[in-house]
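Structure record follows, encoded as structure tokens.
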Amino acid sequence: MNSKADFRIEFFGESGLLVIFGERIDCELNRKVHLLAEWLAQKSIAGITDAIPAYASLLIAFDPLKCNHDLLSTLIEQWAEQGEKSFTHPGRLVEVPVIYGGDYGPDLNFVAGHCGLSVDEVIRIHSQAEYRVFMMGFSPGFPYLGGMNPAIAAPRLQTPRPKVPAGSVGIAGQQTGIYPSESPGGWRLIGWTPLKLFDPEGEPPFLLEPGDRVRFYPIQQEKS
Amino acid sequence: MRWIEVIHGGYFSSVQDLGRIGWGRFGVPRGGAMDEFALRAGNRLVGNEDEVAAIEVGPGGFEFRVSHDTIIAVCGRGFTLSVDDQPVPLWQSLRVNKNQQVRVVHGEGGMWAIVAVNGGISVKEIMGSRSTTLVGKFGGWQGRLLQAGDRLPIGFARIPPDLRMPPQSLDEIYKSVSPVPIRVVKGPHADCLPEEAYRQFLQQTFTLSSVSNRTGYRLEGEPLSTNTSADMVSFGMLPGAIQLPPGRLPIVMMADTPPTGGYPVIAVVIRADLPRLAQCEPDITPIRFEEINPEQARLIFDRMMKKLDQILVLNASDEFWNWAGAIK
């Protein structure tokens, strides 16, 4: 059940409003973020320029000459009273093929060792779960995926790699993610996907959206 | 094909418009001109819509020529302008002829200038914008800063290229008093801060660190007296947000800010004052922050937009046309 007490609304300048549901990384909190984001998108309110979902908050940016805090706050409270009935779709399911280990996942052995598991067990656990795109950030199209089994959690690298190839699948703490473009990065790399997550000129440019569900499945490198 | 040719690119020149609106949830920085007012004013002075792309010039200056007789305007702070070595004013609608050499030279008192051309810079639109995203290396001209030899396409204007008359006081928003007061709205996490530290933020005079860039302006001064190391989970971010990292010296997020961040946002610079902050010079301009409420901030932004509405289409009086066209 939603209730007013479930969140607080803060000013973010004259052009923004931050709806805070909590202060931790949590599936239930994040689900509410996407519920509200989707509800707002369906309402297509004049003047809203951006709605940025994060782990436990939604930042709504708007043109202050077309929209205002009062109007939005009232709407959000209306949403809270209606509850979750307004939620219409549970997020698309996107399946992501991954070549685990070897040069594609140079940290897979470390993760296995760190967790006291075999490499195959790590792969099995990683590809068994269904993840949720909690939020996107760090670089365009980078999905922070929640819902990972804590049994394969691993700390970040002490010193980030200067270059992580696009498509690399990594683990940091209890999250997993995919690098959409080549960039520096400190996540433990366990595999690589041939899928293109971000193509600036693509239609659409991004494979994933915040709120999507993601499932990994292992593939083998083709013998040449 | 109509084009503008870069003769000298300077160090930080790039194609910018009002930014990539609506892509923040995919992790895409909004980007866009550092000085929104200069961009809007420049576009209006050449008969473009506000959101048309222009060239943003940073310290290092810029030099160019155009392929055809047209109208240009250069708006910003800290620059001088010449056409074939004849000095001409900024914040004016100017006629330039084919192949005339236009130089935008950086001096003192500001950081960014906008070169607007009738018809706009017509590079490919990516995710609804022509802005250059340097971090992602896309948008603008090949996703990078401009260099000598680049030839950027100029679009066809919907509005015929008449000269336009700016009000005398078009650039009054920059009128400087020292220290420059930058107005802010209290931030969503101001309450994480001891009251004393927030007061210190408002009473102190800061300068900008020289490592400031299009992503963020770092403030230098006395670190705020707080040992709150608020452990926050990432949340959405907008240009103007003032974050307090563990070093306890605030950073103001600017046009290229990533759309998420994780340090407490103690205040947010009002939209109408972001251009003024953008123009502050590292190590030089003294800056002070002043808190106002969101409704006041909205009214000030409204006033800024109305100022732009005072730019009038000139009834092509021959006298003015001749004056503007006298640069041979």
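The values are calculated or read from the model by the stated rules, or taken from the named source; none is laboratory data. For clarity, every value in this text was computed on a predicted model and none was experimentally measured. Note that each Cβ is placed from the backbone with ideal geometry, even for glycine, and that neighbours are counted across all protein chains shown. Surface areas here come from the heavy atoms of the whole protein model, side chains and all, with no ligands, DNA or RNA. Shrake-Rupley method; radii C 1.70, N 1.55, O 1.52, S 1.80 Å.
Tabulated data for the structure shown
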| read-out | value |
| --- | --- |
| Peptide B:118-129, shielding by other chains (average Cβ, 10 Å cutoff) | 1 |
| Accessible carbon and sulfur surface of chain B relative to its total accessible area, %, 1.4 Å | 49 percent |
| Residue pairs, from the table A:Lys43/B:Lys306; A:Lys163/A:Lys196; A:Lys32/A:Lys196, whose Cα atoms sit over 20 Å apart | A:Lys43/B:Lys306; A:Lys32/A:Lys196 |
| Estimated vicinal HN-Hα couplings, Hz - segment B:138-146 in sequence order (Karplus 6.51, -1.76, 1.60; Gly, Pro = x) | 9, x, x, 9, 6, x, 9, 6, 7 |
| Mean Cβ neighbour count within 10 Å, used as a protection proxy, ranking B:208-215, A:153-160 highest first | B:208-215, A:153-160 |
| Distance between modelled label sites at A:Glu182 and B:Glu291, nm, 7 Å Cα→Cβ extension | 4.8 nm |
| Relative contact order %, chain B, counting alpha carbon pairs below 8 Å whose residues are six or more apart | 21 percent |
| Share of Cα-Cα pairs in segment B:1-83 lying beyond 20 Å, as whole percent | 37 percent |
| Candidate aspartates and glutamates for bridging to A:Lys66, where Cα separation is under 16 Å - those fewer than 8 sequence places away on the same chain excluded | A:Glu14, A:Asp50, B:Glu295, B:Asp302 |
| Ranked order, B:Arg248, A:Arg24, B:Arg164 - accessible area, probe 1.4 Å, largest first | A:Arg24, B:Arg248, B:Arg164 |
| Å² per residue, accessible surface of chain B at 1.4 Å | 39 Å² |
| Length gained when the stretch B:Lys98-B:Asp283 is fully extended (0.36 nm per residue, less Cα-Cα span) | 62.6 nm |
| Cross-link reach list, aspartates and glutamates versus B:Lys124, counting only Cα pairs under 20 Å and skipping chain neighbours closer than eight places | A:Asp199, A:Glu201, A:Glu203, B:Glu5, B:Asp17, B:Glu49, B:Asp50, B:Glu51, B:Glu56, B:Asp150, B:Asp256 |
| Computed lengthening from A:Arg24 to A:Ser118, 0.36 nm per intervening residue step minus Cα-Cα distance | 30.8 nm |
| Pairwise label distance in nanometres, B:Asp69 with A:Ala46, each label 7 Å out on the Cα-Cβ vector | 4.3 nm |
| Residues along segment B:273-300 losing 10 Å² or more of accessible surface when the other protein chains are present rather than the chain by itself (probe 1.4 Å) | B:Pro294, B:Ala297, B:Arg298 |
